[in-house]
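Colleague: One structure coming up, written as structure tokens, with questions to follow.
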Amino acid sequence: MRVFLIFLAAGIGTYLIRVSGIALLSNPEKIPPRVRRALSLVAPTAMGAIVVNSLFLDEAQWRAFGAWHLAALVAIGVALWRRSAGWSMVAGAVAFALLIVAGL
Amino acid sequence: MSVLWSLRSVRKVPSTIAAAPSSGVGSWDPRARLVPMTQPGPPSPESVSAAGRGAVLGIGRQQWADAWAGLKAIAPLMPGSVAFGLAFGALVPALGINSWTGLFASVSVVAGASQISIVESLRANAPAAIAVLTALIINARFALYSAALGPVFSAFPLRWKLGLAHLMTDQAAVVALQHVDTYPDPVRRRWFIVGGALPFVAVWVVGTVAGIVAGPVIPDSWQIGFIVPLMFIAVMVPGLKRPEDMVGLAVTAAVVLAAKGLPFGLNVIVGIVSGIVAGTLFAEWADASRARRGMHQQTVAEAAEHEAEGGL
């Protein structure tokens, strides 16, 4: 029940965020520039935080260097090279599978 | 899912678009589309006559055609939605979360990054308030889309506004904004938007179900948890272009690692806020420099466009 209520609260909050501008704003340029800039930085910082937290830490301790880091490097390299989420996913997944099979 | 489309059209969002009569399912009136518009591109006579020839399931043929066009516009992005749904779904049984609760999460939140952040918070035994707050901070980006979509939806009936708002994923919002000029008629526009947004959410939910079902049979040795950083690397890195993103990301990474001793996974939320503050201050400094050189400031549409390049 606790987990359900957490997702319920997140769902309600997210919906209120989603509907806020649609219901209230007829001119989006009324958003203050500072708020606009901050909102545009949410995605890269949020995703970056999750990547760093899951890649380098495991239950608040440093994760031992291995397949996770090497496969992530492959995914980052391909993402920068091809500028494609799909190719990055495929390359990272294949690299990770090979590294796991190799015993890393 | 990287969305690298231009949103230049949204900067021409009609502020004086004529309000067409409300016409939901079963009550559509073809004349609604003939209300004079201030924007180019009204429906052709052929499309009007086609709409009047009959309805399927109480929905006019023109509406089906517009919804189909919306579906085709978003279809290339659907595999990513399925894959991300799979990733989230696979984490649900791994953490002992009830399958129905996992399904409810994908239906009610409809935002993969925040859903996974909740899972990570649960793994860290974080209090419920912190789990929810972290998710809402991650989803604050939807405020930007919502602001850009306000004028696009302004002529829609209230029930359509309220319903479509729930379906506005990063990808659906971008597709909607991209086709503003193609569909100046509010009736046709809303059918185009729902035709893309609803199936996109549907495949996300289907992916979640598949992940929930497949999760328990995946061996631990596969280390399915790697899907979390991999998915976010794939989504985030191709969209990293602005210097302020790099600054925000660097500060976020440093703070997340430096604050790893904080309880309940609070290092993530502290890292995000620190990165946003640092990136914003850097952007203001850079904007001031550009202004001195006579260059333009970023509009909301440009900010939404950039946001969509790394959204989920």
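The values are calculated or read from the model by the stated rules, or taken from the named source; none is laboratory data. Note that the coordinates shown come from a computational prediction; the quantities given were computed from them, not determined experimentally. Backbone-built Cβ (ideal geometry, glycine too); neighbour counts: all protein chains shown.
Colleague: Given the structure, is residue B:190 basic (Lys, Arg), buried (at least 23 other Cβ atoms within 10 Å of the Cβ) and more than 30 Å from residue A:69 (Cβ to Cβ)?
Modeller: Against the criterion (basic (Lys, Arg), buried (at least 23 other Cβ atoms within 10 Å of the Cβ) and more than 30 Å from residue A:69 (Cβ to Cβ)), residue B:190 qualifies.
Colleague: Out of all the residues in segment A:51-65, is one or more under 30 Å from residue B:165 (Cα atoms) and buried (at least 17 other Cβ atoms within 10 Å of the Cβ)?
Modeller: There is at least one residue in segment A:51-65 that is under 30 Å from residue B:165 (Cα atoms) and buried (at least 17 other Cβ atoms within 10 Å of the Cβ).
Colleague: Okay, next question. Could you list, ordered by first residue, the pairs with Cβ atoms under 6 Å in which the first is in segment A:40-62 and facing chain B (nearest Cβ under 7 Å) and under 19 Å from residue A:73 (Cβ atoms) and the second is surrounded by 24 or more Cβ atoms within 10 Å (Cβ to Cβ) and charged (D, E, K, R), at least 6 apart or interchain?
Modeller: A:44/B:245
Colleague: Scan A:103, A:77, A:92, A:48 and give me the residue that is farther than 24 Å from residue B:251 by Cα and at pLDDT 90 or above.
Modeller: A:92
Colleague: So if I check each of B:202, B:197, B:165, which one is within 23 Å of residue B:106 (Cα to Cα), free of Cβ contacts under 8 Å to residues at least 24 places away in the same chain, under 14 Å from the mean Cα position of the chain (by Cα) and away from chain A (no Cβ under 11 Å)?
Modeller: When all the criteria are applied, what remains is B:202.
Colleague: Looking only at segment B:168-179, which residues are at the interface with chain A (Cβ under 10 Å from one of its Cβ atoms), in contact (Cβ under 8 Å) with a residue 60 or more places away in the chain and hydrophobic (A, V, I, L, M, F, W, C)?
Modeller: The answer is B:173, and nothing else.
Residues checked against (1) crowded, with 24+ Cβ neighbours inside 10 Å; (2) facing another protein chain (nearest Cβ under 7 Å); (3) touching a residue at least 40 places away in the same chain (Cβ under 8 Å):
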| position | (1), (2), (3) |
| --- | --- |
| B:223 | no, yes, no |
| B:227 | yes, no, yes |
| B:233 | yes, yes, no |
| B:238 | yes, yes, yes |
| B:250 | no, no, no |
| B:253 | no, yes, no |
| B:266 | no, no, yes |
| B:274 | no, no, no |
| B:282 | no, no, no |
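Colleague: Among the residues of segment B:124-142, is any among the basic types (Lys, Arg), in contact with a helix residue (DSSP H, G or I) (Cβ under 9 Å, 6 or more places away or on another chain) and closer than 28 Å to residue A:36 by Cα?
Modeller: Yes, segment B:124-142 contains a residue that is among the basic types (Lys, Arg), in contact with a helix residue (DSSP H, G or I) (Cβ under 9 Å, 6 or more places away or on another chain) and closer than 28 Å to residue A:36 by Cα.
Colleague: Also: Would you confirm, using the coordinates I've provided, whether residue A:20 is surrounded by fewer than 23 Cβ atoms within 10 Å (Cβ to Cβ) and of a type in the set (S, T, N, Q)?
Modeller: Here the answer is yes, as residue A:20 does meet what is asked.
Colleague: Could you say whether any residue in segment B:293-300 is assigned to a helix (DSSP H, G or I), modelled with pLDDT of 90 or more, hydrophobic (A, V, I, L, M, F, W, C) and under 25 Å from the mean Cα position of the chain (by Cα)?
Modeller: no
Colleague: Please specify each residue of segment B:65-78 satisfying the condition of being of a type outside the set (Lys, Arg) and closer than 13 Å to residue B:199 by Cβ.
Modeller: B:67, B:68, B:69, B:70, B:71, B:73, B:74, B:75, B:76, B:77, B:78
Colleague: Across segment A:58-73, what is the number of residues that are more than 17 Å from the chain's Cα centre (by Cα), in a helix (DSSP H, G or I) and not small (Gly, Ala, Ser)?
Modeller: 1
Colleague: Here is a check on your reading of the model: is residue A:4 farther than 18 Å from residue B:252 by Cβ, without any contact (Cβ under 8 Å) to a residue 24 or more places away in the chain, not charged (D, E, K, R) and not in a helix (DSSP H, G or I)?
Modeller: Against the criterion (farther than 18 Å from residue B:252 by Cβ, without any contact (Cβ under 8 Å) to a residue 24 or more places away in the chain, not charged (D, E, K, R) and not in a helix (DSSP H, G or I)), residue A:4 does not qualify.
Colleague: Residue B:153 is checked against (1) within 7 Å of chain A (Cβ to nearest Cβ); (2) crowded, with 20+ Cβ neighbours inside 10 Å; (3) closer than 16 Å to residue B:91 by Cα and fails just one. What number does that condition carry?
Modeller: Going through (1) within 7 Å of chain A (Cβ to nearest Cβ); (2) crowded, with 20+ Cβ neighbours inside 10 Å; (3) closer than 16 Å to residue B:91 by Cα one by one, residue B:153 breaks only (3).
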